[in-house]
Every structure is written in C-alpha cells, then in structure tokens.
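Single-structure report; data block below.
The values are calculated or read from the model by the stated rules, or taken from the named source; none is laboratory data. What you see is a predicted model, and the numbers here were worked out from it, not measured in a lab. With ideal geometry, Cβ positions are generated from the backbone for all residues, glycine too; neighbour counts draw on all protein chains shown. Please note that ligands, DNA and RNA were not included when accessible areas were found on the heavy atoms of the full protein model with its side chains. Shrake-Rupley method; radii C 1.70, N 1.55, O 1.52, S 1.80 Å.
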Amino acid sequence: MGVAEEFSALYGYEPEGVWEAPGRVNLIGEHTDYNDGFVMPFALPHTAVAAFGRRTDAAVRAHSADLPGEPVVVAEPAPGASAGWADYVASVVWALRDAGHAVGGVDVHLASTVPTGAGLSSSAALEVVVALALNDLFELGLERQQLARLCQRAENVYVGAPTGIMDQTASACCTAGHALFLDTRDLSQRQVPFDLASLGLRLLVVDTQVKHSHSEGEYGKRRAGCEAGAAELGVTALRDVPFASLPESLDRLSSDGIRGLVRHIVTENHRVERVISLLDAGDVRAIGPVLVEGHASLRDDFRVSCPELDLVVDSAVAAGALGARMTGGGFGGSAIVLVEEASSDQVAKSVVEAFASRGLTEPRVFTAVPAAGARRVR
C-alpha cells in the first residue's frame, strides 16, 4: 500500500492529498548559510511522502510508516512540548500559526526514503512536506521561499537545532537536473545546470552510517564561534569579510579556534564562487580539487569531520576520484565523491574495502542525480 491507503487504514477516512519533499546533497558551501554566505545544494530523488487530512480541532496526529507504534498526538503544538520525531511535524504547524496563518489541526501519515542522520536533510524534507501540504490545504498562498523560512524557524525555535536556511530552501525550491546557487543573505536563487551523466561523470554519495544530530551541541558551538568572530571583526556576518584581506582579518582575532572558523567560512564562500565559475565555463572536472580543499578546511579549520568521513575522501581520491568531501553538518553522515563514470564502480569498491579493512560498518554508496523539489503528487 501507498501512504494514501495506509492513511485510510490508520485513520478511517480518505486523505485530502499526498505531498512529497526531497532530501538534498550540498555540492559546496558548508556552514556558510548561517553566516549569510553562499551555498550550492541539489535535491535528491529520496523523499518524504505524506498524506494529510484536516481535523475539526487544533491537534496534530502524526504517524510514520518507518517507525513502530501508534500515531503521536500533540494537542497544542508549542516549543518545549517534546513529542520525539513528531516535533518536526508539530513545529511547522506551530510556526505557521505563530506567524498569523489560520492553520487548523491535521492527521498525517508519512514514509521517507531519505536516510536519517546521514547529513542529507531528512528533517528538512519532513518539515517542507508538512509546510507545502498545509499551504495547500488551508489556502495560505505562501511562496516556496516563505515556506522554507518558516520551516527553518520551526527547527530553530521548536526543535532547538540552530540550522541555517539552506536545507529547507533546497527541499522546497530545487529543480531537476540543476544545482541551486543560493545567496543566503538576500535569498536570491539561480538554477545551475548540473547534468553529470552527459559528461561521463557521476557524483557518488557515501553514507558512512555514522549518525549525527544537529541538536547535540557541537553544531551550535560552531555557530556561536562564527558569531563571535564576526563581532570581533566588526561585521554583521562573516560573509562580509573579503577573501582578499583574510590574512589581515585573521591577525585581529583573539584565538586559534575562532581563527579557524573564520578562515573556513571566508574560504568556503570563495570556493562556492570558484565552483560556479567552473560550471559556467563547462569545466566540471576541475571542481574536483575544490571539493578536496573544502574537505580539508572542514576537517582542520572547522573541525566537523570524523575518521570515517576522512577515510572516504582519502580512499576515493587514492582510487582515482576527481574529488571528494564531506557534505552536510558533519560529525558523521555522508561524503560526496566526483568520479569518471568508467571508474565509478572501482572507486566505490575501494571505499568499501577501506572500511572493511578497518573493521568499520560497510558504508552505503549510491549515485546522486539532481531531482525536483517539493510537490503535490495527488
């Protein structure tokens, strides 16, 4: 059965519709979104799919096909009313209501193919599918970027994860066959063609199976450190530190820890601009070394990598990959690997063997193909 049929069996009435929203891979631009910087994600074919029906009261009743148990009921969604995974549903209802939108109660049944804890934005996919459905059901008339911003607020305030705007925007706004160049300060967007198959290339995603959680503190510490660096430099956000004057800016900072965070953000914004230029010029293979540079910066300056992510990058490059880097918030999750299509299987095999030789859990490897953003499916 699909989610609509499962909804009917679960709740005893037909759903009013079914929506889906994808996870994402970030090609380049990591941790820059909450520093008003540049990012370049694209949507994955992996999606959160959900059936919805309106209730006559204000409660949220949510059920996941991927988890055992009965539906979770949240009578009055509000920050602090913890309901586990269902917070990602209830938080969006709360955020819309808190912003003044007339949103009633809903029954929800969902299923997701976005790997959880893999740095592929399973939480954003869930938030966005809820927001899009509520926007349609209650005829709110909100634009995609408005929905993304409300989903970010839901995750920041209700769930307690201090994420930026990238993940929700990617899930809501990406188009098939393109990467999304997003300026997170003014939210301007540009869809950049990214058809690797036509060039004989592939982008592999390697899920290390090391789970992470944004709300466990380390992510928040990095964000606070970036804000401290901006304050010391007298700028609104690290986006405002010019790449050309980075050495002088670093000399003004009070600690090596903050210095590393600032160096990563400023150089990462520059890497996004370099990747855009290379893609515009049709020189896609040349982005490989930029990916490797980005990983080194995340590992050494931002300190959000882990041994398994480093192993993916090192073993893939040694096996002939054009480039590789961790993707997502870090502390586990996934890495991306740019390869020639002809050597894709061998590179993937080398990564898996490297994990086996160290007694690590076998990673999950799949090819990432830029997919469409959130939509109503019935």
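With a 1.4 Å probe and all protein chains left in place, how much of the accessible area of the stretch 184-249 comes from carbon and sulfur atoms, in whole percent? Taking all protein chains in place, the stretch 184-249 shows 52 percent carbon and sulfur surface. From its DSSP helices (H runs of at least four residues, each -39,500 (n - 2.57)), the chain gives a residue-normalised ellipticity at 222 nm of -12000 deg cm²/dmol.
Highest GNM mean-square fluctuation among 193, 247, 71, for the chain modelled with Cα contacts below 10 Å: 247.
Among the DSSP beta bridges whose two residues both lie in the chain, what percent are antiparallel, rounded to the nearest 5?
On the way: 46 of 51 bridges.
Counting only bridges with both partners in the chain, antiparallel ones make up about 90 percent.
In the context of the full set of protein chains, the stretch 137-221 has a per residue accessible area of 40 Å² (1.4 Å probe). Select from 267, 163, 361 the residue whose mean-square fluctuation is largest in a Gaussian network model of the chain (Cα-Cα springs shorter than 10 Å). Maximum among the listed residues: 361. Distant-in-sequence amide contacts of residue 18, defined by a placed amide H-H separation under 5 Å and a gap of 5 or more residues or a different chain, comprise 377, 378.
Of all the options 308, 14, 293, the one that moves most in a Gaussian network model of the chain with Cα springs shorter than 10 angstrom is 14.
Cβ under 14 Å from residue 378's Cβ, residue 378 left aside: what net charge do those residues give with Lys, Arg +1 and Asp, Glu -1?
Values: positive: 375, 376; negative: 5, 6, 14, 16, 20, 136.
Net charge around residue 378: -4.
Per residue, the accessible area of the stretch 279-378 comes to 40 Å² when a 1.4 Å probe rolls over the protein heavy atoms. The portion of the accessible surface of the stretch 65-165 made up by carbon and sulfur, rounded to a whole percent, is 52 (1.4 Å probe; DNA, RNA and ligands excluded).
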